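Structure, as structure tokens:
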Amino acid sequence: MKVIYSCYWGSYLAVVAASLHLGLLKWDDGLSKEKILNLPFFGIIKKEDLGEMILVGTDNRGREVYVMGSKKSGRIIERSLNGFAQIYGMEKQKVDFIDLINCNNFYTSLGTFMIHKLGFRNAGMTVLIWGIKKSFSRLRNLVIKVLNEPAYL
Amino acid sequence: MKIFYYCYGSAHSSVVAASIHLGMLPADRLPSAEEFKNLPHYDKTDSYEIGKPFFMGIDEYGAEIFITGMTGERQLVKKAIYSFLKNCGVDVTDLMMVNALKSVNLKTKIGGFMSRRMGLVMIGRPLTIKGIQEKYTEFVKLVENTKRGERNRLNKT
């Protein structure tokens with residue numbers, strides 16, 4: 001089974017969710033800027049990598065955990081991947097695609113805009129991380145739901 | 001082999017291209033409006049189905065023909081599909097993705113928007129057909145090119 005956490009760029013909310021899933025970030029961690037910046041793939045996925053599945057790790061139940069940048073097309077990509085899995089006879093290779101677009105807020109949007117469009121990386125990162133902290137409980141609940149789902153290996 | 005004709009919403013151009021490919025529409029004359037309306041999925045795919053691939057049939061070389069919608073993010077969606085298949089260990093050498101949207105004109109785009117997005121089927125559907133009829137020879141050429149590519153991959157002359 002493949003779990004894909006997806007957000008616009010694939011390298012912010014998706015990375016935090018994947019890190020929570022894999023235990024790289026603890027539930028009760030203080031979410032310091034330094035801790036978030038050191039998560040694997042955080043902030044380093046480029047425009048040309050959008051749409052690529054990037055493996056972050058394998059969880060203790062054998063599920064491969066990926067991140068993907070899907071812009072605002074998460075739902076379409078989810079339907080596509082499930083459709084292709086069925087066509088290629090991989091129903092057992094279930095895809096759990098978690099579109100995190102609903103976890104975005106004003107600060108995450110502003111932060112990514114500052115980083116990617118204005119080139120203000122440091123200031124943008126501070127705003128973005130503030131936004132991630134604001135969405136953290138929603139992210140955590142989503143990840144807990146995924147962790148509690150049955151795993152088809 | 002699997003061939004996927006893709007367009008914006010898998011309701012018009014991909015349906016027409018796949019239908020020509022499968023002989024459900026003629027390649028040697030202009031089909032009537034009725035022939036378009038009777039095609040499976042023609043102007044019927046809803047927004048919540050965009051992205052889902054639909055099986056249309058099997059061609060004379062045994063290839064399975066599908067249609068799918070990718071909205072305006074065709075490069076992104078295609079990349080995600082290839083990345084997924086690669087990560088699942090699928091050999092993609094027998095997979096062809098064909099963009100059917102490049103044969104579409106403004107009439108079909110406006111008609112499609114009116115029918116699928118605004119629900120004005122009575123006005124939108126005839127407009128999509130009119131647009132496709134105007135560009136029909138391009139659809140036939142697209143399918144001929146696709147079949148040529150298909151034969152090359154299958155090493156058939």
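Bear in mind these aren't lab numbers, they're just calculated from the coordinates by the rules spelled out. None of the values given here were measured: they were computed from a predicted structure. In this analysis, Cβ positions are derived from the backbone assuming ideal geometry, glycine residues included, and neighbour counts consider all displayed protein chains.
Are there any helices in chain A, counted as whole DSSP H runs, that stretch 24 Å or more along their axis by Cα and score at least -1.0 on average by Kyte-Doolittle, and if so which?
Within chain A the helices that satisfy the rule are A:121-147.
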(Q) Please check: in the Gaussian network model of chain B (C-alpha springs, under 10 Å), which one of B:Ser103, B:Ser32, B:Ser13 has the largest mean-square fluctuation. (A) B:Ser32
Q.
For the pair A:Arg140/B:Leu106, report the inter-label distance in nm, with labels modelled 7 Å from Cα in the Cβ direction.
A. 5.5
Q: Enumerate the amide H contacts of B:Gly57 below 5 Å, restricted to partners 5 or more residues apart or on another chain; note that Pro and chain-start residues carry no placed amide H.
A: B:Ile65
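Just in the stretch A:77-153: which trypsin sites (Lys or Arg not before Pro) are loop by DSSP and have at most 10 other Cβ atoms within 10 Å?
Details: sites: A:Arg79, A:Lys92, A:Lys94, A:Lys117, A:Arg121, A:Lys133, A:Lys134, A:Arg138, A:Arg140, A:Lys145; in loops: A:Lys92, A:Lys94, A:Lys117.
Passing sites in the stretch A:77-153 are A:Lys92, A:Lys117.
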Q) What residue among A:Ile98, A:Val146, A:Ala123 has its Cα farthest toward the positive end of the dipole of chain A, where the charges are +1 on Lys, Arg and -1 on Asp, Glu, each on the Cβ? A) A:Ala123
Q: Provide the per-residue ³J(HN,Hα) series for the stretch A:41-49, in order, calculated from phi with Karplus coefficients 6.51, -1.76, 1.60 and θ = phi - 60°, each as a whole number of Hz, with x at glycine and proline positions.
A: 6, 5, x, 10, 7, 9, 3, 6, 8
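Let's see if you can work this out: charge +1 on each Lys and Arg Cβ, -1 on each Asp and Glu Cβ, no other charges. What is the dipole magnitude of chain A about its Cα centre, in debye to the nearest 20?
Computed charge dipole of chain A: roughly 360 debye.
In debye, nearest 20: dipole of the stretch B:41-130 around its Cα centre with unit charges on the Cβ of K, R (+) and D, E (-)?
Values: 13 positive and 9 negative charges, 129 e Å.
It works out to roughly 620 debye.
Within 10 Å of each candidate Cβ there may be at most 11 other Cβ atoms; applying that plus a DSSP loop requirement, which chymotrypsin sites (Phe, Trp or Tyr not before Pro) in the stretch B:107-157 survive? Write out the running numbers ahead of the final one.
On the way: sites: B:Phe113, B:Tyr136, B:Phe139; in loops: none.
Answer in residue order: no site qualifies.
Could you calculate the FRET efficiency of B:Glu34 with A:Lys117 from 1/(1 + (r/R0)^6), where r is the beta carbon distance between them and R0 is 51 Å, rounded to 0.05? Spell out each step's value before the answer.
Numbers: r = 50 Å, r/R0 = 0.97.
So the FRET efficiency works out to roughly 0.55.
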Q | Range in chain A, longest, excluding exposed chymotrypsin sites (Phe, Trp or Tyr not before Pro) [loop by DSSP; at most 14 other beta-carbon atoms within 10 Å] | A | A:28-151
**Q.** Amide hydrogen neighbours beyond the local backbone of A:Val56, cut-off 5 Å, H modeled
**A.** A:Val65, A:Tyr66, A:Val67
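For peptide A:63-76, compute the average count of partner chain beta-carbon atoms within 10 Å of each residue's beta-carbon. Intermediate values should be presented prior to the final figure.
On the way: counts 0, 1, 0, 3, 0, 5, 3, 5, 3, 3, 10, 2, 5, 12.
Mean partner-chain Cβ count within 10 Å for A:63-76: 4.
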**Q.** Selection from B:Leu39, B:Gly72, B:Leu25, by position along the positive dipole direction of the stretch B:1-140 (Cβ)
**A.** B:Gly72
Q. How far apart, in nm, are two points set 7 Å out from the Cα along the Cα-to-Cβ line at B:Thr137 and at B:Ser47?
A. 3.8
Q: State the answer as a single residue: which of A:Leu31, B:Gly51, A:Met68 lies farthest towards the positive end of the charge dipole of the protein assembly as shown, with beta carbon charges of +1 for Lys and Arg and -1 for Asp and Glu, about the Cα centre.
A: A:Leu31
(Q) Between B:Glu64 and A:Trp130, how high is the FRET efficiency from 1/(1 + (r/R0)^6) when r is the Cβ-Cβ distance and R₀ = 45 Å? Nearest 0.05. (A) 0.35
Q: First check a/c for the protein assembly as shown, with a ≥ b ≥ c the square roots of the eigenvalues of its C-alpha gyration tensor; if it is under 1.5, answer rounded, and if not, answer prolate when a/b is larger than b/c or oblate otherwise.
A: prolate
Q.
Could you list B:Cys88, A:Cys7 so that the one with the fewest beta carbons within 10 Å of its beta carbon is first and the one with the most is last?
A. B:Cys88, A:Cys7
Q) When a footprinting reagent is the concern and you count Cβ atoms within 10 Å, what order do A:Ile4, B:Ile65 take, fewest first? A) B:Ile65, A:Ile4
Q) Dipole of the protein assembly as shown, Cα-centred, from +1 at each Lys and Arg C-beta and -1 at each Asp and Glu C-beta, to the nearest 20 debye? A) 780
(Q) Out of the chymotrypsin sites (Phe, Trp or Tyr not before Pro) in the stretch B:61-105, which ones are loop residues according to DSSP with at most 16 other C-beta atoms within 10 Å? (A) B:Tyr61
**Q.** Efficiency of FRET between A:Asn148 and A:Lys46 - r from beta-carbon atoms, R0 35 angstrom, step 0.05
**A.** 0.55
**Q.** Calculated from backbone phi, Karplus (6.51, -1.76, 1.60) coupling profile of the stretch B:133-138 in Hz, x at Gly/Pro
**A.** 4, 5, 10, 4, 4, 5
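Is the stretch B:1-121 best put as rounded, prolate or oblate by its Cα gyration tensor, with a ≥ b ≥ c the root eigenvalues, rounded for a/c under 1.5, and otherwise prolate when a/b is larger than b/c, oblate when not?
Details: a/c = 2.20, a/b = 1.29, b/c = 1.70.
Oblate shape, in that a/c is at least 1.5 and b/c is the bigger or equal ratio.
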Q: Provide B:His41, B:His12, A:His21 in ascending order of the number of other Cβ atoms located within 10 Å of each residue's Cβ, fewest first.
A: B:His41, A:His21, B:His12
